[in-house]
Amino acid sequence: MGKVLMKGNEVIGEAAIHAGCYYFFGYPITPQSELVAYMAKRLPEVGGLFLQSESEVSAINMVYGAASAGKRVMTSSSSPGFSLKQEGISYLAGAELPAVIVNVARGGPGLGNIQPSQSDYFQVTKGGGHGDYHTPVLAPANLQEIIELTSDAFRIADQYRTPVILLGDGMLGQMMEPVEFNEKTETGDNFMKDWATTGTEGDGLPKVITSLDLNDVKLEQRNHRLQAKYRKIENNETKVEVKNVEEADYVIVAYGTVARIAHSAIEKARQDGIKVGLIRPISLWPFPKKIISDTSKNVKAILTVEMSAGQMVEDVRLAVEGKSPVSFYGRTGGIIPTVDEIYREILKLGKGVTS
Amino acid sequence: MKTAFERTNGLKDVDTHYCPGCTHGIIHRLVGETLAEMGALERTVGVASVGCSVLSYDYFNCDMTQAAHGRAPAVATGVKRVLPDDRLVFTYQGDGDLASIGMGEIVHSAARSENITVIFVNNAIYGMTGGQMAPTTLMGQKTATSPLGRSSAAQGLPIRVSEMLATLDGTTYIERVSTHDVAHVMKAKKAIRKAFDTQEKNKGFSMVEILSTCPTNWGLTPEESLQWVKDEMIPYYPLGIYKDLREER
Amino acid sequence: MKQELIIAGFGGQGVMSMGQLLAYAGMKEGKHVSWLPSYGPEQRGGTANVSVVISDKEVGSPVIDKPTSVIALNNPSFEKFEPMLIEGGDLFTNSNLVDISSKREDIYFLPVPATEIAKNLKMERVAGMVLLGAFITKTKVLSKDSLLEALINVLGEKKKHLIGVNEEAILAGENLIEKKLFLTK
Ligand SMILES: Cc1ncc(C[n+]2csc(CCOP(=O)(O)OP(=O)(O)O)c2C)c(N)n1
């Protein structure tokens with residue numbers, strides 16, 4: 001298959017189908033509506049099922065049902081709708097059900113606007129719903145990477161029996177780039193879902209899927225099991241891109257689309273002889289703490305750039321533990337930081353100005 | 001010279017963002033005029049929903065609060081219950097907002113006979129988000145999320161909201177009207193007046209369902225859209241009064 | 001080589017599809033491309049613009065703050081994007097729709113009577129193609145053949161009969177640049 005030019009939202013849909021996901025439940029919301037429309041058109045063509053739910057609350061619960069029945073399943077939304085899915089995501093985590101949930105984030109809080117934003121970082125990386133849980137979060141920076149990470153998201157979901165978040169923003173969802181689909185994507189056939197509730201067919205005892213445990217001791221055991229699983233995910237599934245960090249005086253930490261803009265600013269700075277590197281977390285949870293911690297020992301300063309008022313920067317500071325100054329530059333409300341703005345922040349680092 | 005037509009004080013003197021041929025603007029005017037004629041603008045609080053009418057808070061010339069998608073009747077309940085009885089509270093909601101994500105809120109507000117007035121604009125589609133299927137989308141109607149046309153097997157059947165809410169004991173006044181020609185626009189205004197009067201007299205839940213156009217997402221011209229309301233929508237959504245307990249209550 | 005182009009006009013003028021044709025043609029030439037629209041309610045009736053990057057290297061930011069070229073299809077777009085253009089950049093306008101001219105001395109100002117030319121070809125809708133023809137000839141960022149290939153792909157079987165007139169429109173744009181006809185009105 002050659003290269004095709006597609007919108008980010010549509011790439012997510014096609015990537016999910018390539019990853020063996022034939023079930024999609026969703027509700028329209030800008031700027032991810034093209035994904036819903038794409039699934040409405042494409043899934044029936046490949047023998048799958050698309051259903052427009054009456055709300056995001058019901059969409060995530062339809063996902064809970066399909067996941068209980070052992071199928072690869074996905075839902076998607078944008079920030080306000082993603083908030084509504086939080087209850088369901090907590091239940092998926094508690095019941096240990098695999099599913100992929102997409103957030104094509106937009107400006108908030110509240111109804112906010114429909115422009116790109118990264119202000120849902122706290123919500124997606126810190127659990128988001130009630131209870132002690134985490135969801136792996138993957139944040140692609142370009143459309144080709146969406147394909148790889150969508151497939152990864154389904155694999156992680158099945159392997160660890162956990163909901164996984166694919167986090168993009170309005171820019172990623174709306175833009176077009178050439179992409180190439182790999183015919184050999186893993187489609188989940190090798191995951192034995194012997195826990196799924198599909199009807200016993202007289203074979204063994206009835207199975208139960210639940211997040212309820214009235215017995216405190218047993219619920220704590222369940223929590224220990226979840227936490228052990230999260231440690232395993234931290235060990236195995238941390239993903240990060242590192243560029244020009246070895247000989248760098250300064251490092252920018254940025255993810256998703258902002259990392260691309262930061263990269264352009266870094267190139268400009270390097271042309272001017274300023275040694276700047278880039279650390280791009282690809283998994284936002286688990287967060288690439290180690291590389292950031294190690295790097296912070298060798299650089300003069302770290303700059304975090306986000307389309308938020310400063311969310312990931314908290315994780316960066318936790319990783320750095322004071323080993324180097326950490327400054328922050330952010331734009332909110334759907335405004336995208338420009339190459340020049342980031343470049344100016346890099347210059348400030350040289351002058352020892354940190355904010 | 002005689003003045004034949006004037007702006008209503010019920011709306012602010014601003015341009016709206018509605019597409020050409022969309023009847024949201026007419027409906028705004030009817031609501032604004034009614035409140036102005038009742039002398040109620042200064043004691044009215046409107047609740048804007050999420051849909052094409054989300055910016056109606058910029059248009060209605062009274063206090064307005066904006067609710068999350070589908071939750072306007074709950075927000076209106078909160079506003080109404082804490083303010084003095086002479087305050088009028090209305091919601092202005094599309095069919096996606098009211099009958100899809102907000103079905104729970106509208107049903108329970110009606111069941112509680114909340115003394116509010118609901119202006120329900122049914123255009124058989126999601127306008128704001130670019131033409132996806134609504135609960136009121138007609139059989140066979142093509143939308144971005146029913147690309148082959150709505151079928152009962154895949155998407156189920158359209159909901160007749162007025163008929164359904166009329167079955168609830170809590171509702172007092174429910175009428176379905178249309179805006180496809182001048183005579184029907186005049187009738188729609190009368191219905192809106194009756195609904196607000198119901199609230200004014202403390203008689204409980206009132207709703208006017210107004211059939212409306214969406215030329216942009218229907219892919220029709222403004223004129224064809226009016227015809228479509230008449231030929232396609234009204235047969236499925238018959239006009240008329242579905243509940244009137246104003247005398248009994 | 002890197003072209004960062006903003007095409008801007010009213011919604012419905014074909015701004016988005018003009019950008020898409022260029023991105024597609026760039027992809028077919030093996031270049032790195034990105035296409036980023038302005039989106040949302042402002043598209044309806046309001047102004048619309050699209051940012052297209054065509055580059056030999058991986059595209060960093062798809063957002064363009066300093067365009068190397070601008071194609072403006074109405075006055076508001078001209079006013080918004082003309083000052084952003086880099087030194088030495090190209091500013092194309094549909095001079096039948098934009099009645100202001102640039103006072104900047106450090107850019108190439110290329111008013112193209114695209115609507116008039118398209119009307120002469122008996123199809124007003126191909127005005128955009130005239131501008132694209134001018135754009136690729138002036139900037140040399142893409143070959144005419146790849147633009148045509150993109151067009152064939154977009155038009156599909158059903159509208160195959162429109163390829164001829166579109167090609168003529170591209171040629172007319174090319175001609176304007178080569179003969180510098182845009183300078184005479
Ligand atoms: C929780 C949430 N989900 C989805 C949306 C996106 N959204 C905005 S308006 C709308 C539907 C509007 O349709 P309708 O109520 O029929 O009103 P219309 O635009 O047709 O007037 C949707 C789904 C949102 N804003 N919030």
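Just to be sure, is B:T129 within 13 Å of the ligand (Cβ to nearest atom), outside any helix (DSSP H, G or I), more than 11 Å from every other protein chain (Cβ to nearest Cβ) and surrounded by 24 or more Cβ atoms within 10 Å (Cβ to Cβ)? Against the criterion (within 13 Å of the ligand (Cβ to nearest atom), outside any helix (DSSP H, G or I), more than 11 Å from every other protein chain (Cβ to nearest Cβ) and surrounded by 24 or more Cβ atoms within 10 Å (Cβ to Cβ)), B:T129 does not qualify. Residues considered: C:A8, C:A72. Of these, the only one that is farther than 30 Å from B:V54 by Cα, open to solvent by less than 10 Å² (accessible area, probe 1.4 Å), more than 9 Å from chain A (Cβ to nearest Cβ) and touching a residue at least 40 places away in the same chain (Cβ under 8 Å) is C:A72.
Looking at C:L132, is it outside any helix (DSSP H, G or I), in contact (Cβ under 8 Å) with a residue 24 or more places away in the chain, closer than 17 Å to C:P67 by Cα and of a type outside the set (S, T, Y)? No: the conditions fail for C:L132.
Within segment A:64-84, the set of residues being within 16 Å of the ligand (Cβ to nearest atom) and crowded, with 24+ Cβ neighbours inside 10 Å comprises A:T75, A:S76, A:S77, A:S78, A:S79, A:G81, A:F82. Here B:H184 passes the criteria (1) part of a loop (DSSP other than H, G, I, E, B); (2) within 25 Å of B:P20 (Cβ to Cβ) except the one numbered (1). The condition (being within 11 Å of the ligand (Cβ to nearest atom), in the same structural domain as A:D152 (by TED's automatic domain parsing) and either open to solvent by less than 40 Å² (accessible area, probe 1.4 Å) or within 20 Å of A:V11 (Cβ to Cβ) (or both)) is satisfied by just one residue among A:Q32, A:Q118: A:Q32. Taking only segment B:132-150 into account, find how many residues are assigned to a loop (DSSP other than H, G, I, E, B), more than 7 Å from the ligand (Cβ to nearest atom), small (G, A, S) and in contact (Cβ under 8 Å) with a residue 12 or more places away in the chain. The number of residues fulfilling the criteria is 1. Set side by side, the residues A:Q118, A:Q174 differ, and just one is in contact with an Asp or Glu (Cβ under 6 Å, 6 or more places away or on another chain), under 24 Å from A:G256 (Cα atoms) and among the polar types (S, T, N, Q), which is A:Q118. In segment A:10-29, what residues are over 14 Å from A:V73 (Cα atoms) and within 16 Å of the ligand (Cβ to nearest atom)? Across segment A:10-29, the qualifying residues are A:Y27, A:P28, A:I29.
One line per residue, one yes/no per condition, for (1) open to solvent by 40 Å² or more (accessible area, probe 1.4 Å); (2) in contact with a Leu (Cβ under 6 Å, 6 or more places away or on another chain); (3) closer than 22 Å to A:Q32 by Cβ; (4) in a loop (DSSP other than H, G, I, E, B):
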| position | (1), (2), (3), (4) |
| --- | --- |
| C:G19 | no, no, yes, no |
| C:G30 | yes, no, no, yes |
| C:G60 | no, no, no, yes |
| C:P67 | no, yes, no, yes |
| C:P76 | yes, no, no, no |
| C:P83 | yes, no, no, no |
| C:N96 | yes, no, no, yes |
| C:E105 | yes, no, no, yes |
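Within segment A:102-115, restricting attention to residues that are of a type in the set (A, V, I, L, M) and over 13 Å from the mean Cα position of the chain (by Cα), the residue that is least open to solvent (accessible area, probe 1.4 Å) is A:I114.
Considered as a group, the residues in segment B:58-103 that are among the acidic types (D, E) and within 12 Å of the ligand (Cβ to nearest atom) include one that is surrounded by the fewest Cβ atoms within 10 Å (Cβ to Cβ), and that residue is B:D95.
Here the strands (runs of 3 or more DSSP E) wholly within segment A:256-355 that include at least 2 residues being at pLDDT 95 or above and open to solvent by 20 Å² or more (accessible area, probe 1.4 Å) are A:326-330. Filter segment B:15-54 down to the residues that are away from the ligand (no atom under 16 Å from the Cβ) and assigned to a loop (DSSP other than H, G, I, E, B), then identify the one that is least open to solvent (accessible area, probe 1.4 Å). Looking at residues that are away from the ligand (no atom under 16 Å from the Cβ) and assigned to a loop (DSSP other than H, G, I, E, B), I get B:A40. Do we have A:Q174 as within 21 Å of the chain's Cα centre (by Cα) and open to solvent by less than 30 Å² (accessible area, probe 1.4 Å) here? Yes; evaluated as a whole, the condition is true for this residue.
Residues in segment B:227-243 that are within 18 Å of the chain's Cα centre (by Cα), in contact (Cβ under 8 Å) with a residue 60 or more places away in the chain and assigned to a helix (DSSP H, G or I): B:M233, B:Y236. Looking at segment C:38-50, is at least one residue within 11 Å of chain A (Cβ to nearest Cβ) and either assigned to a strand (DSSP E or B) or under 17 Å from C:G173 (Cα atoms) (or both)? The answer is yes, given that some residue of segment C:38-50 is within 11 Å of chain A (Cβ to nearest Cβ) and either assigned to a strand (DSSP E or B) or under 17 Å from C:G173 (Cα atoms) (or both). Considering segment B:191-249, the residues that are among the aromatic types (F, W, Y) and open to solvent by less than 60 Å² (accessible area, probe 1.4 Å) include one that is nearest to the ligand (Cβ to nearest atom), namely B:W218. Annotation: of all residues in segment A:213-234 being touching a residue at least 60 places away in the same chain (Cβ under 8 Å) and aliphatic (A, V, I, L, M), the one that is nearest to A:G88 (Cα to Cα) is A:L226. In segment A:141-241, counting only helices (runs of 4 or more DSSP H) that sit wholly within it, the ones holding 2 or more residues that are more than 14 Å from every other protein chain (Cβ to nearest Cβ) and out of contact with any Cys (no Cβ under 6 Å at 6 or more places or on another chain) span A:143-160, A:216-236. With open to solvent by 40 Å² or more (accessible area, probe 1.4 Å) and within 12 Å of chain B (Cβ to nearest Cβ) as the only criterion, which of A:E56, A:E45, A:E87, A:E10 stands out? The match here is A:E45.
Exactly one residue out of C:K138, C:K122, C:K144 is closer than 24 Å to A:L5 by Cβ and open to solvent by 60 Å² or more (accessible area, probe 1.4 Å), and it is C:K144. Working only within segment A:78-101, note down all residues that are small (G, A, S) and under 15 Å from the mean Cα position of the chain (by Cα). Matches in segment A:78-101: A:S78, A:S79, A:S83, A:A99. More than 14 Å from chain A (Cβ to nearest Cβ) and of a type in the set (D, E): is that true of B:D95 in this structure? It is false that B:D95 is more than 14 Å from chain A (Cβ to nearest Cβ) and of a type in the set (D, E). Looking across segment C:46-58, just one residue is surrounded by 17 or more Cβ atoms within 10 Å (Cβ to Cβ) and farther than 21 Å from C:V33 by Cβ, and that is C:T47.
The values are calculated or read from the model by the stated rules, or taken from the named source; none is laboratory data. What you are looking at is a predicted structure, and each value in this text was computed from that prediction instead of being measured. Every residue, glycine as well, gets a Cβ built from its backbone with ideal geometry; the counts of neighbours run over all protein chains shown. In case anyone asks, the SASA skips ligands and DNA or RNA and just uses the protein heavy atoms, side chains included. Shrake-Rupley method; radii C 1.70, N 1.55, O 1.52, S 1.80 Å.
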